[in-house]
1. Roughly how many Å² is the accessible area per residue of segment 81-153, as a whole number, for a 1.4 Å probe?
2. Considering only protein heavy atoms, with the full assembly of protein chains and a 1.4 angstrom probe, order 131, 122, 99 by accessible area, largest first.
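The values are calculated or read from the model by the stated rules, or taken from the named source; none is laboratory data. Remember, it's a predicted structure, so these values are computed and weren't measured experimentally. Surface accessibility is based on the protein's heavy atoms, side chains included, excluding ligands, DNA and RNA. Shrake-Rupley method; radii C 1.70, N 1.55, O 1.52, S 1.80 Å.
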Amino acid sequence: MTDQATEYPTGDLLLLEQLVNASGVHLDDRNSLSNDSESYRYSGITINVVLEYSGSNVGNPSDITYKIVPTAAINQPASAVEIHAYNSTTGQYVIYERHGINLVFTQAGAITRTFFLGIMAHFAGAAFLAHVVHTVLLWMLLIFSKNRQRYLR
């Protein structure tokens, strides 16, 4: 197994083991927040995965690169409490407390540079469309207005 992500034409394939190892913690390490010194495997852990983008959107789309930076949020154990069943005769609840790995994905960075002529072409297209809409609305007013005879002179 390698420490690199496997590249596919539609994206990357990351193993959970790779993200946990890259975050700098191991699931068998002791959690310092728990009273019983439980391992992260039992108490759960939250891993923040930041996708840092950089590059340019001008020209070839492959100029845009990204880096995956996972970090462990040590103070945020990942657990959920689920009420599974309620016995109405005894008044007892069956509660499952589940622990696991919580992955939080965030985007960061910037894709810089814009194509000035492209922006100007968008503005020209918008101005042309506004002119077309204005002309069509005027013709509709002339056709459907009650006072059309006054405007046709």
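1. On the way: 6800 Å² over 73 residues.
Ligands and nucleic acids excluded, the result is 93 Å² per residue.
2. The most accessible residue leads, giving 122, 131, 99.
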